[in-house]
Amino acid sequence: MTRLNARLPYQILTFALFAAAWELYARARGGLLLPGFFETLRATGALLAEPELWRALYVSNQALVLGFAIALALGIPLGILLGRFRTLERYADVWLNILLVTPMAAIIPLLVMWTGIGLTSRTALVTVFSIVMVIVNSRAGVRQVDPSLIEMARSFGAREREIFTRVLLPGALPAVMTGVRLGLGRAVTGMVIVELLMISDGVGGLILEYRGLLKAPPLYATIVIILAEALLLISAARWCERRLTHWSRTTATRANLAGSPK
Amino acid sequence: MIEIHGLSKTFTDRRGDTVTALDDARLDVAENEFLTLLGPSGCGKTTLLKCIAGLVPYDSGTIEIDGRPIQGPGPDRAMVFQNFALLPWASVVDNVAFGLRLRGVARAEREERARELVATMGLAGFEKKLPGELSGGMQQRVGIARALAVQPQVLLMDEPFGAVDEQTRRLLQEELLALWEEQRPTVVFVTHSMEEAVLLGDRVALMSARPGRVAELVPVDLPRPRARGGGPDRSGVYAELTAYLWDRLREMHEEHRTVRTGAPA
Amino acid sequence: MIEIHGLSKTFTDRRGDTVTALDDARLDVAENEFLTLLGPSGCGKTTLLKCIAGLVPYDSGTIEIDGRPIQGPGPDRAMVFQNFALLPWASVVDNVAFGLRLRGVARAEREERARELVATMGLAGFEKKLPGELSGGMQQRVGIARALAVQPQVLLMDEPFGAVDEQTRRLLQEELLALWEEQRPTVVFVTHSMEEAVLLGDRVALMSARPGRVAELVPVDLPRPRARGGGPDRSGVYAELTAYLWDRLREMHEEHRTVRTGAPA
Amino acid sequence: TDAGTTSLPGGKLSFTVAVTEPDITAVPVLAAADAVRRQGHDVKIVELAEPELAIEGLAQGDYAISAEATGPALSAIDQGAPIKIIADVVANQWAVYGKPGTGSCTDLRGRPFGIFSEGAVATAMSKDWVRATCRGATPDYLTIGGSDVRAQALAAGEIDATPLEISDAVALESTGRADRVTKVADFAKTLPDVHPQTVYANADFLTEHREVSQAFVTALVREHARINASANHLVRLVHRYLPDEDPEDVPRIAARYRSRKLFDAAALTPHNVQRTIDFFARADVIDPGLKAKDAADLSFVREAAS
Amino acid sequence: MSALRRLPAAPLSLAAGAMVWEVIGRAAGVSFFPPLSTVLDRLGEMAADGALLASVRDSLLNLLLGTAISLVAGIVIGVAMGRSRRVEAALGVYVYALLTAPSLVFAPVFFSLFGAGRGAVVAVIVMYAVFVVIVNTAAAVQAVPAHLEEMARSYGAGERQLLPRVVLPAATPMIMAGVRLGVGRAVTGMLNGEMFIAVVGLGHIVTEAGGSFDSASVLAVLLIVIAVALVAIALVQAADRRLTRWVPQTAKGAQGK
Ligand SMILES: Nc1ncnc2c1ncn2[C@@H]1O[C@H](COP(=O)(O)OP(=O)(O)OP(=O)(O)O)[C@@H](O)[C@H]1O
Ligand SMILES: Nc1ncnc2c1ncn2[C@@H]1O[C@H](COP(=O)(O)OP(=O)(O)OP(=O)(O)O)[C@@H](O)[C@H]1O
Ligand SMILES: [Mg+2]
Ligand SMILES: [Mg+2]
């Protein structure tokens, strides 16, 4: 509770600054596509009452949930494998880099040809968008695991599979969770992009519609709602992370504790 | 039972320099023997133990247990690590039960055994703490309990009582001896305390540094149980043996100091 | 010169349980005194040292040095850590020179001083190695050298010789005493060896566990230099004092064991 | 006053023409800009990714003239932006293509029908056509951004029908898939008065720089006339301004545009502008009530034609 | 295994991939997936033209600018967020919001702020790259072992000394993971920035070709982009290896390399 209270003033301060900067800029320079802060706020409220929005969110989130679940199920084990096996990593690395840098917008038509138009290709795109973050961070996490723990586990007869589940996975978890947060961000992006460029169901369709009609306030309201959802998901991931990796705080604490009695 | 012949191990560091930790070392440990291992810091004791545990690939030589060359780590051996090597995310009980869990012991059973050992180590009440919440000596005891929990045939202990106070050390020594007499594992026990080496060992192996090998094996022909009840050596029974070890080690130490004035070989 | 009054420190773990490490502890250390600190494992020795170092915020009480309450860590104090706390990416020399570097000592000078201390610690030839390439005892000596390098007024040493062999320990004890006599820092030295406590200390502080506080201060009225030249205590000069400490600590230990049968307070 | 427009010595002008992902229909506009440049003015061309960005720039005065979809321009005008429609880019070139055997709208009942987003002109025209001819039977609309993706989806059988532009249709043919699609409806016939792509300009620019504006429109009308005289002119323009276009397709596309007389910048009249406005109002893109004289300034095309 | 270990992995792996591409491309015979040889031919034609080179040069300049800004800003903000609860409280929401936001939807904002020139493209690159670097740096800084920090503070290290001497070195492995992700994202941002506001450079070629179903050209540009990215990432990894040589090996098969 005290932590929450300590953070609140800063959050309020920056939010006020942010809102003021937005509003002032929009008034000075805003045009058809840049609504003011308060306009957007009003439009957000109005949009939240629209059943159309909730339908769109429902449609979009199907792909998000499925795609991200697949990214986690594949990405975490793969990242750990790559962190553990040098030879494998050396061969796979270049493909990982390619996956990371390929502009997905360009491969969307390919994907459509391959998986058709529908949930499958939207899901696939969300996965492709987010999986790299999960893999790269899981791998970095494995690198941070103290090798003497692996030695210890081996001395107790742990096989490779058990080293994975009992040592590497928990040890890499803080970094993996960072990857999950990054991946979640990318997954939401993927969910929207695929709809903007390809299958404009769901919230991407709303964005296209409002943009096409030059309705800036609801356009930004949609974006605000998408971002709010993403922040919610990331907070949930944070919450899980805190529960799963409380141990890392016994070995890693923050600055500003030292000194005289409090 | 453990037979080591011509064991050599050279480490190459990131700049390509080499350090020879073990050089043509040989050592035989009999079945059920309690062997203590003394030697200057950095002479290769930990390396030797890890080789026996099957954790460190060595360059040449053989290590056989019961006549079979070792193939990596095995369930017959367990090691207590000098740096404890506790899982920072697991509670005391879970750390102690780690080896049991790997061997597929059911949850209830392994928790019970772990709790017993935790109490034996004087850590009752700390079962749910994380390693980061324990003092150094407490952490070390968790590492010991973990190795004892799996009841190995060969117990490899790397300075297991280095971080605990003398009183606790005495208690733990007694517990260890009691366990050894009951289960009769073969023990290789690294220590820096000559008194401890004599108190516990059937034989004391003295290791020299560079070349890292076993220079001398000193039998300890004292009746067991020895000096039960603790207290410092007020009677002087072991003083002679301890003094001998001291002199031998000092000789080796001085040789080593003069040898070592260059870069490490 | 160090005055500690009513010092209390309670840790709260992740599940909200509390462990009282220090409870109304008091201790005065005179200027230039060499104080050794003995106590059961987990009684709060490390916590006390970290409080003096200004690293751990305490709940109540005061710590004054030369009459001024401490405000976090200061350049007047240096600590040798029980778990070494070496920087894994820095070479031996860079680790030893770490404190000097923070104080802005020029590169050439700090390297020279570090190299000297590395040699004193018996680590010549290992200057460029990384901590991961050293044995446990070697790492510990790097940690000691780092603290000595900054020539602090107050030297806080947490079981500094726990991982080195007896011969090296004797040598290091001698080096430490020589340094102490030359520079006259105030030393608080945690150890588990009663012999060492008596050999080094002007006074021995005995700590009890739960409540963690200094239970007794035992003056060591023996002339210095003491027992130079090493070797075990063959003459029996210190035996009496050591025996007294042993008995006191065992009493405390037993009390503690009976008290502790519940959960930690 | 105009940030993007500055006067040069000698009565000449420096201004910007914004185009959105220029395709074959935009090359006459580029050629007209070049013609104005030859008169000594400094004409900059920017290529933007979305028509909305061009409109925004026009409304801000950063750009003087732009040419693309009419819908966003009308939206902006409806919201009070200082923009006026001044000429036509291309007449209604959209048509619905469907799987072979798709004869009429009723065949599409409940079938996947690819549309662009809500609010886009092709979507509006498709829905208008469905309303007018299907008598209550509606297809299953599937929103697919990007006309290339939609064309591919049609060819691959993912959807049963979709509206396409001529260039998309020709590109589809040249990939050897033409036999798999058939034209179901031609919006040029069902909605001849709707002009989905027009040239529009910043209103202040038009009043302050009438001569330059007129020069531009006149040049555009002339380019269109030359294309209608010979499709080869269009091919040459494409070659000059869009060198990366597939050289095999261009002559065929050009021929089709010419034969159907789609290029006529002066084709705008108060009547068909009003019909276009009414169409967009019907489709909910703008509110009803906008008048042609407020949305368009047809004096330039009149002047150019005379 | 040991034979595999000695071969140059990346080229081999790429060659294998290229072969698979060629075979599938030929076997499938579909327009949207031409074989590699066709794509390379097209690349050759485009290169001979000369305009491609100018585009690439321009794009690279944008990339360089954008990446430099992203890395500097990302590491500075990341460290500040990792070290201070206040900064984290103040900025955390925005970082995560912007990390999540599809940069595409901000095209109008960039357009308004920077116009349609280089500024907007560089802004898109920064938008793509900077947040990954921030998040990873902050997480890395928070995971620095407390006992090292404690040690340094006992030697009188203030925040100014803690950072370069303890926090940054200890956090380097994770920061470098973030930098690598960031550089990769920057390359994507480079192309997308040239596609979503002002259509220039390589983005122009892709847009054009994509609009006319010219898969070979699209893929040819992608090849260039990927090549640029692989070089950039190889540089990052070389730096990573130099900076993190000390990290004890958790990986198998790392010994005696
Ligand atoms: N991973 C490694 N890389 C390089 N050198 C190493 C490595 N591990 C150990 N060494 C070197 O091998 C030698 C023997 O080390 P070892 O840990 O076996 O000593 P030890 O006898 O256990 O010493 P201590 O009593 O101090 O623990 C030392 O000189 C050490 O520097
Ligand atoms: N970070 C922490 N969180 C929770 N409890 C802690 C923490 N640090 C220490 N403790 C508890 O405080 C008590 C004292 O610990 P401390 O490390 O001071 O003991 P010590 O006297 O140094 O023991 P040893 O001789 O074993 O090193 C112990 O019971 C320990 O469990
Ligand atoms: Mg060792
Ligand atoms: Mg301690």
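No lab work stands behind these numbers, since they all come straight from the coordinates. These numbers were taken from a predicted model, which means no experiment stands behind them. Methodologically, a virtual Cβ is constructed for each residue, glycine included, from the backbone with ideal geometry; neighbour enumeration extends over all protein chains shown.
Which FRET efficiency value, to the nearest 0.05, is calculated for residue E:23 and residue A:120 with the Förster distance at 30 angstrom and r the Cβ-Cβ distance? Taking R0 as 30 Å, the efficiency between residue E:23 and residue A:120 is 0.75. In angstrom, the C-alpha Rg and Dmax of chain D are 19.3, 64. Seen against the Cα atoms of chain A and their longest principal axis, helix A:119-144 is set at about 40 degrees. Based on the reciprocal of the average 1/r between different C-alpha atoms, the Kirkwood radius for the range C:131-187 equals 11.9 Å.
DSSP loop (so not H, G, I, E, B), at most 13 other Cβ within 10 Å: list which GluC sites (Glu not before Pro) in the range B:174-218 pass both filters. Passing sites in the range B:174-218 do not exist. For the listed peptides C:97-104, D:212-219, D:291-298, a ranking on the average number of other beta carbons within 10 Å per residue, highest first, reads D:212-219, C:97-104, D:291-298. Of all chain C residues, the closest to the C-onto-B rotation axis by Cβ, with that distance in whole Å, is C:162, 3. DSSP bridge analysis restricted to the protein assembly as shown gives an antiparallel fraction near 55%, rounded to the nearest 5.
Note on chain E: helix-only mean residue ellipticity at 222 nm, from DSSP H runs of 4+ residues weighted -39500 (n - 2.57) and normalised by residue number, equals -26500 deg cm²/dmol. Gyration tensor over the Cα atoms of the protein assembly as shown: the corresponding equivalent ellipsoid has semi-axes (square roots of 5 times the eigenvalues, largest first) of 77, 32, 27 Å. Absence of a disulfide-compatible partner, taken as no other cysteine beta carbon within less than 4.7 angstrom, is noted in the protein assembly as shown for A:240, B:43, B:51, C:43, C:51. Considering only D:144, D:83, D:227, the mean-square fluctuation computed in a Gaussian network model of chain D, springs between alpha carbons under 10 angstrom, is largest for D:144.
In the range A:54-241, Rg over Rh equals 1.06, where Rg is the alpha-carbon radius of gyration and Rh the Kirkwood radius from pairwise Cα distances.
Per residue of peptide C:60-66, the mean number of Cβ atoms on other chains within 10 Å of the residue Cβ is 1.
Under a 5 Å amide H cut-off, with hydrogens placed 1.01 Å from N, residue D:87 pairs with D:199 among residues at least 5 apart or on other chains.
Residues of the range D:34-50 falling in the label zone of residue D:222, defined by backbone nitrogen less than 12 Å from a point 7 Å along Cα to beta-carbon, are D:34-40.
Taking chain E as a Gaussian network of alpha-carbon nodes connected by springs under 10 Å, the highest mean-square fluctuation of the residues E:58, E:49, E:240 belongs to E:49.
Note on residue E:16 and residue E:60: with the Förster distance fixed at 30 Å, the Cβ-Cβ geometry gives a FRET efficiency of about 0.60. In order along the range E:76-89, phi translates into HN-Hα couplings of 4, 5, x, 5, 4, 5, x, 8, 10, 4, 5, 4, 4, 4 Hz, rounded to whole numbers, per the Karplus curve 6.51 cos²θ - 1.76 cosθ + 1.60 with θ = phi - 60° and x for Gly and Pro.
Averaged over the residues of A:186-197, the number of partner chain Cβ atoms lying within 10 Å of the residue Cβ comes to 4.
Placing pseudo-labels 7 Å out from each Cα toward the beta carbon at residue D:137 and residue A:38 gives an inter-label distance of 5.4 nm. When only alpha carbons are used to place a centre, the range D:272-300 and the range B:187-230 end up 102 Å from one another. Would you tally the net charge around residue E:35, using a Cβ to Cβ cut-off of less than 12 Å, leaving residue E:35 out, and scoring K and R as +1, D and E as -1? Surrounding charge for residue E:35 is 0.
Structure remark: mean-square fluctuation, Gaussian network model of chain D, C-alpha springs under 10 Å; the largest value among D:118, D:248, D:173 belongs to D:248.
Note on residue D:34 and residue A:11: with the Förster distance fixed at 51 Å, the Cβ-Cβ geometry gives a FRET efficiency of about 0.40. What average count of beta carbons from other chains do you get within 10 Å of the Cβ of residues in C:44-53? If you average over the peptide's residues, the count of other-chain Cβ atoms is 2. So what's the net charge close to residue D:26: Lys and Arg +1, Asp and Glu -1, counting the other residues with Cβ under 11 Å from its Cβ? Computed value for this residue: -4. Exceedance of the 18 Å cut-off in Cα-Cα distance is limited, within the set D:127/D:189; D:127/D:293; D:84/D:291; D:189/D:291; B:9/B:50, to D:127/D:293; D:189/D:291. Estimated translational diffusion coefficient (Stokes-Einstein, Kirkwood radius over Cα pairs, 20 °C, 1.002 mPa s) of the range E:51-245: 120 µm² per second. In the range D:24-50, whose amide N lies under 16 Å from the spot 7 Å out along Cα-to-Cβ of residue D:14? List them in ranges. Once the point is set 7 Å along Cα→Cβ of residue D:14, D:37, D:40-46 turn out to lie under 16 Å by backbone N, inside the range D:24-50. The stretch between residue D:173 and residue D:252 holds 27.4 nm of extra length on full extension. This uses 0.36 nm per residue minus the Cα-Cα distance. Summarising the label geometry, the points placed 7 Å from Cα in the beta-carbon direction at residue B:68 and residue B:30 lie 2.4 nm from one another. Taking amide H as placed 1.01 Å from N in the peptide plane, the amide H of residue A:198 sits under 5 Å from that of D:145, each at least 5 places away or on another chain. Packing around the peptides A:156-164, E:186-194, taken as the average count of other Cβ atoms within 10 Å per residue, puts them in this order, highest first: E:186-194, A:156-164. If you average the alpha carbon positions of the range D:1-32 and of the range D:111-148, how far apart do those two centres end up, in angstrom? The distance from the Cα centre of the range D:1-32 to that of the range D:111-148 comes to 35 Å.
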